[in-house]
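Asks: Pasting a structure below so you can have a look.
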Amino acid sequence: MNLLSVASLILVLGCGCLSLNVTRVPKQGPTVFVHLMPWFETRQTSEDGSWGIHWTMTNQNPDIIVGENDKRQIAAHYYPEIHPYGSGGHFYILQLNTNARSIFLNKNQSKS
């Protein structure tokens, strides 16, 4: 029961004379959340040409390539799909924009 339904019920029970019509709006599709970390820096996006602390955490070196698929040694439990990024980097911003458009287009195509 949502807040508006509870408020309607209180009003009806409280005075016995007032009733509100509650209309439920159907869900339009999945909710999409974007998690943006504006403080991540790479050598290309930082002012001093160094990796930001959030990729290094004092004991990792992103200049070292480890494992397969050119993965860098970064301080992260999960490796970013677009590899270590600078939050203000052009590629990162373009990637966010592309992903948002793709989600929007896929959502609208599924309605037809």
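Asks: Among the residues of the range 82-91, are any of a type in the set (Val, Ile, Thr), touching a helix residue (DSSP H, G or I) at 6+ places or on another chain (Cβ under 7 Å) and modelled with pLDDT under 85?
Replies: yes
Asks: Between Val25, Val32, which is exposed (fewer than 10 other Cβ atoms within 10 Å of the Cβ), closer than 26 Å to Ile103 by Cβ and either modelled with pLDDT under 75 or under 18 Å from the mean Cα position of the chain (by Cα) (or both)?
Replies: The conditions single out Val25.
Matching residues to (1) closer than 13 Å to Phe40 by Cα; (2) in contact with a Cys (Cβ under 6 Å, 6 or more places away or on another chain); (3) surrounded by 10 or more Cβ atoms within 10 Å (Cβ to Cβ); (4) among the polar types (S, T, N, Q):
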| position | (1), (2), (3), (4) |
| --- | --- |
| Asp70 | no, no, no, no |
| Tyr79 | no, no, yes, no |
| Pro84 | yes, no, yes, no |
| Gly89 | yes, no, yes, no |
| Leu96 | no, no, yes, no |
| Asn99 | no, no, yes, yes |
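The values are calculated or read from the model by the stated rules, or taken from the named source; none is laboratory data. In this text the structure is predicted, and so the values were computed from the model without any measurement. Cβ atoms come from the backbone with ideal geometry, glycine included; neighbour counts cover every protein chain shown.
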